[in-house]
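The values are calculated or read from the model by the stated rules, or taken from the named source; none is laboratory data. Just so it is clear, the structure is predicted and the values come from calculations on it, not from any experiment. Cβ sites come from the backbone with ideal geometry, for glycine too, and all protein chains shown count toward neighbours. Note: areas computed on protein heavy atoms with side chains; ligands, DNA, RNA excluded. Shrake-Rupley method; radii C 1.70, N 1.55, O 1.52, S 1.80 Å.
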Amino acid sequence: MAKKAHAAGRVTATVHVAVSVDGPRRSEVFVDGQLIPMTGTFKRAGEGDVELAAAEVGVDIVLKGQIGTETALTVAINGRKQQEHFVTVQEKEIRSFTYPSADFGL
Amino acid sequence: MNRFTRGRSWLFAAALLVSAARSAAAQLAIPGAGEDRFGLLLAGQTISVTTGDARLAFNWTNDPHLTADDSCRQFQRGTPQYRDCLFRSVDTSQTFIDLTAGISGQKGERSLFANGTITPGYDLGVAVTRRLESASAHHGGYTDVYAGVIATSRPLTFATITPSGSATVADASERTVGLTTGVNFFLRENFAVGIGGGVKRAWSTPGLQKAMNVCTSTASGTTAAGQIVQVSTCDDGYTGPLADQWIDSVRLDVLKNFTRTKMDPASGDIVAVATVGVIGSVNVNHRTGTAAVYNLAVGPTLHPKGVPHKVLLAAVFGFADVSDAANQGKTLRDKFGVQLYFGVPLTGF
């Protein structure tokens, strides 16, 4: 994790993120608005480096899938995981989660 | 001495089909009566079928990099612009490549193994699918446009009897090479209508013949009561000579899943319940010099709880050659068959 001082005084950190999504036909995961590249179809996984600047980390998953599909989402930042599980109730929807940066050791 | 007796055809036949893909779960073949392959795609994989003859198939689909190019950080999280940006990321088109390979039993037989030996036939296929995503703000759905090449080879036995009475029994392989193309409209994630067509060239084919018993008498005698006793060895086969034909086909497929969710009173969460579906196919085949053959197939499917895009079990009722195109006197029993398909959860469950 590399930290640097922002011009405005905020501290940003470049962190390594690993995500996986199992369930919907298509899905993408954004961490603080930054896309995490993934491969796969119904079972997808990927990783990448993103820049975080807030005390909270916003994770959004956008998906297309059949109603009733069970979705398992795992987000790991600096090796610390957060996991979510839910059932798709719309064919196209966004689920948003917010975690304290401290949960990831930031 | 050779003689022909009518053999069984279209009895209740069960076939096990195993499909494996690199990234998706085991996928089940969904049949269309009288067709070698079915047009619909599920989970991005080609659906291959058996039509009464036994077949074991493996399917591979490439693993496209689906991630979109959008970065949505330029928009404030939670704003309509941000949501639009996220939705765009799952609306990009993709291209799949499907490879299918299978082994099959001797044409006209219901088993991969006969008399303790395998009777290998094979089929190979490659198809390219372009998937166009729905850009609806609320609904899913997509359209698959596909085209591919299929080659098959099936061993068979045939007997030829000349007008003078001489007879021969020989083995041959029916070989086909063809092109197939079509469009599957997934109007919703759980409802699809597919149309497709194809043309192929067949060599050494028995055409529309029903499989019969080809028997060779190995011994004969007469009982004290004057009854003639014959000892014969028999094999399923056809009458010669075999022909080379063009085969064209058109089909219409329908798939519908009925997915249900409910509120868990204990946790207040939405939970999935078992999903059932129905699949149907109508196809018309035409061979050189023969009348068109109409085939129907319909049946229920059972999907894993909360995983409606995968199939655990399907029972498909098929009606082959509904109009008896060759006027062979086919009965309902000849035309009707039920096939059971079992999905094998290799991955993803």
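General observations
- Note on segment B:136-240: with neighbouring protein chains present and a 1.4 Å probe, carbon and sulfur make up 61 percent of its accessible heavy-atom surface.
- Partners of residue B:256 within straight-line reach, counting aspartates and glutamates whose Cα lies under 17 Å from its Cα and excluding those fewer than 8 residues away in the same chain: A:91, B:144, B:189.
- Karplus (6.51, -1.76, 1.60) ³J(HN,Hα), θ = phi - 60°, over segment B:313-324, in Hz, Gly and Pro reported as x: 8, 9, 10, 10, 9, x, 10, 9, 6, 4, 8, 6
- Per residue, segment B:165-238 exposes 49 Å² of accessible surface when a 1.4 Å probe is rolled over the protein heavy atoms with every protein chain present.
- Summing +1 for each Lys or Arg and -1 for each Asp or Glu among the other residues whose beta-carbon sits under 12 angstrom from that of residue A:16 gives -2.
- Spherically averaged projected area in nm², based on the convex hull that wraps the Cα atoms of segment B:169-314: 16.1
- Unsatisfied cross-links (Cα-Cα over 31 Å) in the set A:64/B:200; B:200/B:335; A:81/B:305; B:200/B:305: A:64/B:200; B:200/B:305
- Leaving ligands and nucleic acids aside, the B/A contact buries around 3700 square angstrom of accessible area in total at a 1.4 Å probe radius.
- Backbone geometry of segment A:53-64 corresponds, through the Karplus equation with coefficients 6.51, -1.76 and 1.60 at θ = phi - 60°, to 3J(HN,Hα) couplings of 9, 10, 6, 10, 10, x, 10, 10, 10, 10, 9, 10 Hz, x marking Gly and Pro.
- FRET efficiency estimate (nearest 0.05) - Cβ-Cβ, residue B:177 to residue A:101, R0 56 angstrom: 0.40
- For chain A, built as a Gaussian network whose Cα springs stay under 10 Å, the top-fluctuating residue of A:29, A:87, A:75: A:87
- Note, ³J(HN,Hα) from phi for segment B:143-154, Karplus 6.51, -1.76, 1.60, rounded to Hz, x at Gly and Pro: 10, 9, 10, 9, 8, x, 10, 10, 10, 9, 9, 10
- Solvent-accessible surface, computed for protein heavy atoms with a probe of 1.4 Å, shrinks by 40 Å² or more for the following residues of segment A:83-101 when the other protein chains are added to the isolated chain: A:87, A:91, A:92, A:94.
- Simple Cβ-charge dipole of segment B:132-223, Lys/Arg +1 and Asp/Glu -1, about Cα centre, in debye nearest 20: 260
- Check: chain A dipole with +1 on Lys, Arg Cβ and -1 on Asp, Glu Cβ, in debye: 140
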